[in-house]
Amino acid sequence: MHPNLSLQQIVQQLGGSISGNPDTQISRVGSLALAQAGAIAFFNDAKYKVQLTSTAAGAVIIRPEHADLTSLPKIITDNPYAYFAKVSQLLNPVYATPNGIHASAVIEASANVPASCRIGAHVVIEHHVTFGNNVTIGSGCVIERNSSIADNTILEANVTIKHGTQIGKNCHFFSGCVIGNDGFGYAEEANHGKKHWVKIPQVGRVVIHDFVDIGANTTIDRGAIDDTVIEEGVKLDNLIQIAHNCRIGAHTVIAGCVGIAGSAVIGKHCKIGGAAMILGHLTIADEVTISPGSMIMRSIHKAGTYTALMPSQAHEDWLKTAANIRHLSPHLSQLTDKIKALEQMVAILAADKKT
Amino acid sequence: MHPNLSLQQIVQQLGGSISGNPDTQISRVGSLALAQAGAIAFFNDAKYKVQLTSTAAGAVIIRPEHADLTSLPKIITDNPYAYFAKVSQLLNPVYATPNGIHASAVIEASANVPASCRIGAHVVIEHHVTFGNNVTIGSGCVIERNSSIADNTILEANVTIKHGTQIGKNCHFFSGCVIGNDGFGYAEEANHGKKHWVKIPQVGRVVIHDFVDIGANTTIDRGAIDDTVIEEGVKLDNLIQIAHNCRIGAHTVIAGCVGIAGSAVIGKHCKIGGAAMILGHLTIADEVTISPGSMIMRSIHKAGTYTALMPSQAHEDWLKTAANIRHLSPHLSQLTDKIKALEQMVAILAADKKT
Amino acid sequence: MHPNLSLQQIVQQLGGSISGNPDTQISRVGSLALAQAGAIAFFNDAKYKVQLTSTAAGAVIIRPEHADLTSLPKIITDNPYAYFAKVSQLLNPVYATPNGIHASAVIEASANVPASCRIGAHVVIEHHVTFGNNVTIGSGCVIERNSSIADNTILEANVTIKHGTQIGKNCHFFSGCVIGNDGFGYAEEANHGKKHWVKIPQVGRVVIHDFVDIGANTTIDRGAIDDTVIEEGVKLDNLIQIAHNCRIGAHTVIAGCVGIAGSAVIGKHCKIGGAAMILGHLTIADEVTISPGSMIMRSIHKAGTYTALMPSQAHEDWLKTAANIRHLSPHLSQLTDKIKALEQMVAILAADKKT
């Protein structure tokens, strides 16, 4: 089923130069360690030299400065990993969902669904929804009223798009994600001394630009008053929560299990590690990297890498560490006081000596 | 589409007093910073004075003590934020889902669905389910056998309610949430030295009282033996996990990505910050605030705010901090020992001097 | 509806010995604290002696060494908790979903669905899917092309299985989980100085062995090139993220809200606490326990318990702790330097004294 390509054919499409037999046939991609015959792998980091030496791959994608490290047929390029991604795209074309609208789909008459779209089984498309060309909607998706989805965007099965959501071109949304859900906004009120919460209607939208990917079971809330905005080229992993009124800058990538609280503004080209958390109303500059698991409580105004993590320890060691941390303030104060007292005593003794 | 209201009409419905022209027309809500003409905003905190001065809003909701800070038409009230929430509810009435039962819904004959309910496309309602009046079930929801849902409760699209769940009045459940899933209970057993896990049937239910909101993709597990209970007025954000046999006290709010382990009992009017975690079998008192990202490992018996967070740092600084924390116990012991030795030496020297 | 069993009937099926009246009738399970008449509870831990004394249970499952602690009818066994689990299974048989294929299910002609399977409403089963005997698929599930599910496996409502996923026998998948989603893999590329992300096709599969349970809204990504593998007897709770190319060892249990990054290899019989996070490309040995909320950043080569947690404090105390941690490196250096200076001074003074 997969296409078979020669190195020559690959280079004609993707650029780069060949060293070795240009007719070497490639049928799949592989990692250096596990590649089989007919596979092409990539080498990007000198620390994997041993794997390069022993690989069973049929060819390698490699930087010019590493080209001498192997006698295998190779494609030479400055960015082997990105090149590998594109070879893999050639060898693994996107599965073509059957054309047309499944008979079980429920589509309101006022929705605009061009003939080039593919609509899966049990889909629901509400009134005044508009699609661009070549949109794919997986089985079980619900697209609520007044939403729009532009050309070539793919929704995998069981995605929920809430009313009024705007989605750009060439996006890819994965199963179980919920886009445009009400933000979490309540005002506390006391009635005769009894406190309860009054819901603040969430009347903004979610606006998603082009080339955005959104992972499985990720949730993005609509704005309270203004919109929540996900800029071009953003890539979100699974189980991420983006709260109301956030803005995620272009080409930022966010790994799984991250939470971003309301009205946070994240810069462009940021990298946010898995399970990191960013508090509300913060601003994060462009090109910031947040380490996995780190809670960010203050705005970050300068590019760089930021971390907030407890180091892990054997549990018995951690028990001592935790006790020390709990008493760090009094402990450090006490040590400091004792040293000060000693310094005074020693100064007196030294002065006595001189006299 | 939105209703247009004068300040006079608003005050007639919600109370408070007017200062300025009572015929000022309001068509929407806005924030001070971004409000447009015709919008009403609120002012609740003196630190936003600059925004109050420059706002383009047509009117402001404000406390009596702040009323002099602006010459705009205003509504004066003690709780501007809650008042704002109610004005927004007036201006943004809940969307009226079309009446009736969609032809594609699958409803068992033994289910009791009053004519006042709205049932979306591709919904599944199993046997012996009972609904109150005016219940709304979004497209793609599955309501399993023997569940009940009381008056005016709304389920957004693609919600899953497991068998036997009891849901109160005026609740609002968001897309992708799963209520009444089996709790995570297994007993370890060894067979001829080989260990494996034996599932403990989860035979309790989830019982949810009135006015409870549950966010997108949040999960609440049924009790192992007894019930999991969510009391009146609780508001849960997205991607929260509530394990079996928990009890969440009335009017407690829980932000996104929080996990609460089995049999934890949370008090009333608590506020639990995003991504906080609460271990199992703990008790949290009423009126406790947990800071975001904080892991709570012990019961909390007194109202107040509790925190457990590593401060974030530039990564290079954190590397040093982490190394210090890892060696905190021996390091502090060593410093303490050296100070003790110095104290003894200095005491001897001082004694010698006196002699 | 529940079966009624005597202690004698239970012991005939599950082993163990009886002390007291073997005709004692049992209709349900209960905890010591809340059990009602007719219930059987278990006693496993001497610290619950008070509850054993006051329980209203009709019988107790207990270890030989604790048997004298109660005069209630009892079943004596070495592992009361596992025995209790099995009694509960006898008393709470799995609900028998109605046989057959619901008329609203959409099943491709090339799919192989034996007559012994149960297929709920609005299910979608794509082409070349194969099921074993006695498979149960809850309402709203989507099973994509080329997947296979072996005998007796149960999918609860609204589960999504992506193409090519292999699932073993006797598994239990809970609502909202997404299995076989694309992994999160992108290569960064600059075009005329503009950086963007190129998707790496995810061409591996998810392979799940027998007796695996997967919680609600949990996500397991397909491998990038090779497969993601979940071994026999693994139990996963809700809202867990397992990234591409992970391998989870047999009989490992993982609690809710855990994230495991790409290519991590977890050993057998591990226990991973709720909201713990494990970074990518790490190896965790067999029989390792990770405490809840702990971020693991290095491989663990030895069985044992590992922890990485900030202790929680009243917020005011934490503010001081956080300030101290932030300045821990300079603070400790300064104290160390001062002590060194004092030691030198005291040495000089002591030397002087001797002369």
- prompt: Yes or no: residue C:294 under 20 Å from the mean Cα position of the chain (by Cα) and at the interface with chain B (Cβ under 10 Å from one of its Cβ atoms)?
  reply: yes
The stretch B:240-263, subset more than 10 Å from chain C (Cβ to nearest Cβ) and part of a strand (DSSP E or B), residue farthest from the chain's Cα centre (by Cα): B:247
- prompt: Which of (1) hydrophobic (A, V, I, L, M, F, W, C); (2) surrounded by fewer than 17 Cβ atoms within 10 Å (Cβ to Cβ); (3) closer than 22 Å to residue C:140 by Cβ does residue A:115 not meet, given it meets every other one?
  reply: (3)
query: Among all residue pairs at least 6 apart or on different chains, which show Cβ distances below 9 Å where the first residue, located in the stretch B:19-32, is touching a residue at least 60 places away in the same chain (Cβ under 8 Å) and the second is among the hydroxyl-bearing types (Ser, Thr, Tyr)?
result: B:26/B:6; B:28/B:88; B:29/B:88
message: Among the residues of the stretch B:312-352, what is the count of those that are farther than 20 Å from residue A:336 by Cβ, at pLDDT 90 or above and not acidic (Asp, Glu)?
response: 9
field: Filtered residues of the stretch B:327-337 (kept if more than 22 Å from residue C:306 (Cα to Cα) and surrounded by fewer than 18 Cβ atoms within 10 Å (Cβ to Cβ))
entry: B:333, B:334, B:336, B:337
task: Please determine, by comparing only the residues of the stretch B:278-291 that are within 10 Å of chain C (Cβ to nearest Cβ) and assigned to a strand (DSSP E or B), which one is surrounded by the fewest Cβ atoms within 10 Å (Cβ to Cβ).
output: B:289
task: Give the stretch A:292-312 a look and list any residue that's touching a Ser or Thr at 6+ places or on another chain (Cβ under 6 Å) and not in a loop (DSSP other than H, G, I, E, B), or say none.
output: A:296, A:305, A:306, A:307
- prompt: Would you pick out the residues in the stretch C:48-62 that are at pLDDT 95 or above and within 27 Å of the chain's Cα centre (by Cα)?
  reply: C:61, C:62
message: Condition first: more than 7 Å from every other protein chain (Cβ to nearest Cβ), more than 22 Å from residue B:277 (Cβ to Cβ), under 20 Å from the mean Cα position of the chain (by Cα) and surrounded by fewer than 20 Cβ atoms within 10 Å (Cβ to Cβ). Can you find one or more residues in the stretch C:304-326 that meet it?
response: no
task: Taking the residues in the stretch C:252-266 that are surrounded by fewer than 24 Cβ atoms within 10 Å (Cβ to Cβ) and not polar (S, T, N, Q) as candidates, determine which candidate is nearest to residue C:171 (Cα to Cα).
output: C:253
message: Just to verify a result, which residue in the stretch B:164-217, among those that are under 18 Å from the mean Cα position of the chain (by Cα) and polar (S, T, N, Q), is farthest from the other protein chains (Cβ to nearest Cβ)?
response: B:170
field: Candidate set from the stretch C:1-47 (those that are modelled with pLDDT under 95 and of a type in the set (D, E, K, R)); member that is surrounded by the most Cβ atoms within 10 Å (Cβ to Cβ)
entry: C:28
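Among the residues of the stretch B:107-128, is there at least one that is among the basic types (Lys, Arg) and assigned by TED's automatic domain parsing to the domain that holds residue B:11?
Initially, the stretch B:107-128 is screened for residues among the basic types (Lys, Arg), giving B:118.
Add one more test, that the residue is assigned by TED's automatic domain parsing to the domain that holds residue B:11, and what stays is none.
There is no residue in the stretch B:107-128 that is among the basic types (Lys, Arg) and assigned by TED's automatic domain parsing to the domain that holds residue B:11.
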query: Consider residue A:138 against the criteria (1) within 14 Å of chain C (Cβ to nearest Cβ); (2) touching a Pro at 6+ places or on another chain (Cβ under 7 Å); (3) closer than 30 Å to residue A:160 by Cβ: it satisfies all of them except one. Which criterion is unmet?
result: (2)
- prompt: Looking at residue A:105, is it of a type in the set (A, V, I, L, M, F, W, C) and either closer than 30 Å to residue A:143 by Cα or under 27 Å from the mean Cα position of the chain (by Cα) (or both)?
  reply: yes
- prompt: Since residue C:334 meets every condition but one in (1) in contact with a strand residue (DSSP E or B) (Cβ under 7 Å, 6 or more places away or on another chain); (2) outside the structural domain of residue C:244 (by TED's automatic domain parsing), which condition does it not meet?
  reply: (1)
- prompt: Going by the structure shown, is residue C:190 in the same structural domain as residue C:147 (by TED's automatic domain parsing) and in contact with a Cys (Cβ under 8 Å, 6 or more places away or on another chain)?
  reply: no
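Filter the stretch A:1-23 for residues that are β-branched (Val, Ile, Thr) and part of a strand (DSSP E or B) and give the result. Even if it seems obvious, please write down each step before you answer.
Residues of the stretch A:1-23 that are β-branched (Val, Ile, Thr), as a first pass: A:10-11, A:18.
Result: A:18, single match.
Hey, among the residues in the stretch B:118-135 that are at the interface with chain C (Cβ under 10 Å from one of its Cβ atoms) and assigned to a strand (DSSP E or B), which one's surrounded by the fewest Cβ atoms within 10 Å (Cβ to Cβ)? Walk me through it before giving the result.
Step one: of the stretch B:118-135, the residues at the interface with chain C (Cβ under 10 Å from one of its Cβ atoms) are B:121-127.
With assigned to a strand (DSSP E or B) added as a condition, the list becomes B:124-125.
Values: B:124: 26, B:125: 28.
This residue is B:124.
The values are calculated or read from the model by the stated rules, or taken from the named source; none is laboratory data. Predicted model, so just to flag it, every value in this text is computed and none were measured. All Cβ positions, even for glycine, are placed from backbone atoms using ideal geometry, and neighbour counts span all protein chains on display.
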